[in-house]
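Please treat every number below as a calculation from the coordinates, not as lab data. All values derive from a computational prediction rather than experimental measurement. When we count neighbours, we look across all protein chains shown, and the Cβ atoms used for this are built from the backbone with ideal geometry, even at glycine.
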Amino acid sequence: MGTVINIAPITRIEGHAKIAIHLDDQGNVRDTFLHIQSLRGFEKFVEGRPAEEIPRIVTRICGICPWMHHLAASKAVDAAFGVTPPPAGRLLREICQLFAHITDKILHFFFLAAPDFVLGPDADYSVRNVMGIVKAEPELAARVVKMRQLGQMMLERLAGKAIHPVAGVVGGFSRPMLETERQELLRDAETLLDFSCYALDFAKNTVFTRYMDVIRELGAITTGFLGTVDRDDGSLRLYDGRQRLMKADGSCIDFEGDRYADHIGEHVEPWSYGKMPYAKSWQEGFSLNPAAPAGIYRSNTLARINVCEKISTPRAQAALEEFRGIFGRPAQQTLLYHYTRLIELLYVCERAIELLQRDEVTDTRIRAAAEPRAGRGVGIVEAPRGTLIHDYTTDRNGCITKANLIVGTTHNIGPMNMSVRQAATSLIKGGVYDEGLLNKVEMAVRAYDP
Amino acid sequence: MGFEPKIIAFCCNWCSYAAADLAGTARMQYPHNVRIIRVMCSGMVHPELVLDALSHGADGVIVLGCHLGECHYQDGNHKALARSAVITELLEDFGYETERYEISWLSSSEPDRLVKAFTDITERVRKMGPVNAHDLAG
Amino acid sequence: MSVRAALEWLNSCSGCEIAILNIGEALVPLLTQHLDLVHAPILMDHKYLGQRGDGTELDIPEAEVGLVSGGVANIEHLQVLVKMRERCRVLIALGTCATHGGIPALMNGQDRREGWEGVFATRTTDPGCSVPDIEVPAPLDRVYACDEKVKIDLFLPGCPPNPALIAEVLMAVVEGRDPVLPQKSVCDTCPAKREGKGAVSVVRRFLINAEFLAEDPVGRMRCLLEQGFMCMGPVTAAGCAGRGLPRCIEARVPCRGCFGPVRRDGNQMLDMMNALASNGIDFKSVVDRRSLLRFSGAHGLLRPVKKKPAAGRG
């Protein structure tokens, strides 16, 4: 009987989880577990609620990405009620999704992940955080805080609430964009695009070059990938498109979202409230065995970058080409999530500007009237953390009878377990470890931005 | 030692409270279980007062107002009726049997109706037993 | 002289924590000068069981002020909350989950066992799975608000809470004074035009947009209740107004009560039904009235529907 090291809680993530590292008598890693601690029951307690209320209830699944649940639910209820938003309504929804992606990525990279890179993974824990970054790099920190706040205020100006939004409604959006607002938002989006270019340069110079060996090794595993791509040209898409499931060898299956249940199953382990999705349609079953993983795929930025043919906006595309030149396709190293997150940050800024420039964005026809009815609808968007699936069935009063939710981050629970095992096994030998080493194991989780 | 229910009666000043006075001077007996709370109009009895009473030891609640059309404040008792529908509908949501609550109408010269109303609710609630304390959470 | 602070999250979603970040540029001096964060899992790396992961008892350092978000739904939440009460001189319940249960307390309306089992029996979950129970905290019998388990010194509701009010409360603690918090209902902060509810007899579902001219300020829009929509402004605590008016109304969307009841021990469902009935509106036209408690289902208010034995209905 050996010792158990409990990293509890995992910090600088969005959620409640702990890592248990079981050592054998020689002090080497025998087993590792990522115990996901939180369970709230959304799939159950939305039953009985009127479907049009769901988009403003399910936002509370996550306070960092509430817009994603808001929009996936709106799309699902649209489908259940058989209603299609007018073009301006659809545009406003996607614009809000893009703004939300922007602030989310700035938050994750600079507030949660960067302390490990800017201050070093072995820095004393009391400074290895965003407060430490403020002290070490005050100008950078001030700029980061300002940019993140700008993105949030853009959402508030357009949609009232940035956190736990209400403006995405069944049939479209709740208020049109005014021309004056459009001009201001365009100007602000340009500011954010500027910052995003700076962010990627900063990361390339201070993080990726300096920590290249850590990036190549830490938590590195081999898996498939899941993302969303444009139906016509396979380019990266976040609001709508076709789902693409890629195997580790690069071969792909594309499917329409409402067939998701044919491709994805959810495995349950008694030691994690978070379920583990796996690729049912590969017909390999489920296994986390690092030597022979089965059914395992990842979501989130690295996955989306891998599965897309290209990116439809110029700066992001150039960054993608540079990335692929170095790391290939698909790229597997886990810490590359940080790099691909910043490539996506470029895309979402450019795409927001592109949409804000469209004439129809200020059209006042933003919502189609809906009648409650019995139906079923699946709504999928790419949340920052992965492919988000909301599936609702309604009765003839238009109230929910059944719900199935596969949250973006859960696709990565199996892979995170594998990355933790890989990191712990390679770092802890003969019972020798220190706090900085344990932090490195956590870094293998943090990259996934769970 | 049988169960003695506690009944709270919200009595409107102009009708039922006066009727209770009259019952007293006429030496008419009504069950000792009833505790009277005087209100100026049945319309001011917020559903929350009923729920509060039930959650703080009352086993039954009755509201007694003026006959419709005879309210001292014109339409206060109509508001009481509307609120009463809410209370009746919502009691089960909060874990109480609907029969623990009642609204009734009388005038200041009808002490017999008052006595009957008090007696009826006391007996009905006696048969139901006390409010189930363990059903109510903290 | 900075004040030691600890931040914890229980049955939460991190929206309250993002609301703290949304304080804006004042956040930097707050986090680095006025406050000394000694424990805050979302932002920094203090651990429960020691930094080498070899402790056996959950520990949190002492602090002058503690902020807790999220309700209490499992035994670990309870442990953490009790420890926060023990270690923090002033304990603040942050957000409506902490003050009133919040959205996750909707689970209180479910049968306890069926509820959790249902989550592990969805369309795509592998069949035959049971609720996990190894190294994960066991659920309590229902979702509680923080003050049902420990004494709370200050309540700051909101879903999310208003960043300006969070800053006000934290600075009040730093400066040793009482905070200034709003006391009334959302209607008190709403500029919409009131002309009388007489015409409304039933409540409409929010399936079409409200009537308004986009280029007109919200003050020219007719009150949403008067337009026949369910708006919980009258029965909800004020505080959300960020830019001079309630945030949902700003988006031309009716209020759903996310700051909890006006009085801390109020009942939003009862109050709303009462408000409708008192104004001659048919309260039975509300579809799913139980969801009026969606933010305040703790304190024993939201409970599973009792199955009627005699009628034979499931």
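What percent of all Cα-Cα pairs in the protein assembly as shown falls into each 10 Å bin, going from 0 up to the bin containing the maximum distance? Once binned at 10 Å, the Cα pair distances of the protein assembly as shown give 2, 12, 21, 24, 19, 11, 6, 3, 1, 0, 0.
Given a Förster radius of 45 Å and the C-beta distance between C:ASP133 and A:ASP249 as r, what FRET efficiency does 1/(1 + (r/R0)^6) yield to the nearest 0.05? Once the sixth-power term is evaluated, E becomes 0.75. A Förster radius of 30 Å combined with the Cβ-Cβ distance from A:ASP258 to A:GLU321 puts the calculated FRET efficiency at roughly 0.35.
May I ask you to list the trypsin sites (Lys or Arg not before Pro) in the stretch A:273-374 that are in a DSSP loop and have at most 15 other Cβ atoms within 10 Å of their Cβ?
The qualifying sites are A:ARG358, A:ARG365, A:ARG373.
For A:ASP31, the residues whose modelled amide H falls within less than 5 Å of its own, excluding neighbours fewer than 5 places apart on the same chain, are A:HIS22.
With 0.36 nm allotted per residue and the present C-alpha distance subtracted, the B:GLU48-B:LEU22 stretch has 6.4 nm of extension available. Residue exposure proxy: B:TYR101, A:TYR239, ordered by other Cβ atoms within 10 angstrom of their Cβ from fewest to most, comes out as A:TYR239, B:TYR101. Put the Cα centre of the stretch B:66-110 next to the Cα centre of the stretch A:194-250 and the gap is 65 Å. A helix-only calculation puts the protein assembly as shown at -10000 deg cm²/dmol for mean residue ellipticity at 222 nm, using -39500 (n - 2.57) for each DSSP H run of at least four residues, averaged over all residues.
Residues A:ILE311, C:ILE75 in ascending order of nearby Cβ atoms (within 10 Å, fewest first): C:ILE75, A:ILE311.
Applying 0.36 nm per residue to the separation of A:ARG365 and A:THR209 and subtracting their alpha-carbon distance, the gain on full extension is 51.2 nm. Dipole magnitude for the protein assembly as shown: about 1260 debye, using +1 per Lys or Arg Cβ and -1 per Asp or Glu Cβ, origin at the Cα centre.
At 7 Å along the Cα-to-beta-carbon direction for both B:PHE3 and C:ARG113, put a label point, then send me their distance in nm to one decimal. Simple spin-label model gives 2.6 nm for this pair.
Screening chain A for DSSP H helices whose Cα atoms reach 20 Å or more along their own axis and whose mean Kyte hydropathy is at least 0.5 gives A:336-356. Partner shielding of C:227-234 amounts to 0, given as the average count of beta-carbon atoms from other chains within 10 Å of each residue beta-carbon. Taken as Cα centroids, the stretch A:292-318 and the stretch C:114-138 sit 31 Å apart, rounded to the nearest whole angstrom.
Within chain C, what percent of beta bridges assigned by DSSP are antiparallel, to the nearest 5?
The antiparallel proportion sits near 15 percent.
Look at the stretch C:277-283: the mean tally of other chain Cβ atoms within 10 Å of its residues' Cβ atoms is 5.
Relative to the dominant Cα principal axis of chain B, helix B:76-90 is inclined by about 10°. Label-to-label distance, A:ALA291 versus C:ALA214, with points set 7 angstrom from Cα along the beta-carbon direction: 6.2 nm. The separation of the stretch C:43-96 from the stretch A:105-166, counted between C-alpha centres, amounts to 23 Å.
Scan chain C and report its longest stretch carrying no GluC sites (Glu not before Pro) that are both in a DSSP loop and have at most 12 other Cβ atoms within 10 Å.
Excluding the exposed sites themselves, the longest stretch runs over C:58-194.
The amide H of A:ARG12, built 1.01 Å from its N in the peptide plane, has C:ILE42, C:LEU43, C:MET44 as neighbours under 5 Å, considering only residues 5 or more places off or on other chains.
Listing A:HIS338, C:HIS46, B:HIS72, A:HIS390 from fewest to most neighbouring C-beta atoms within 10 Å gives B:HIS72, C:HIS46, A:HIS338, A:HIS390.
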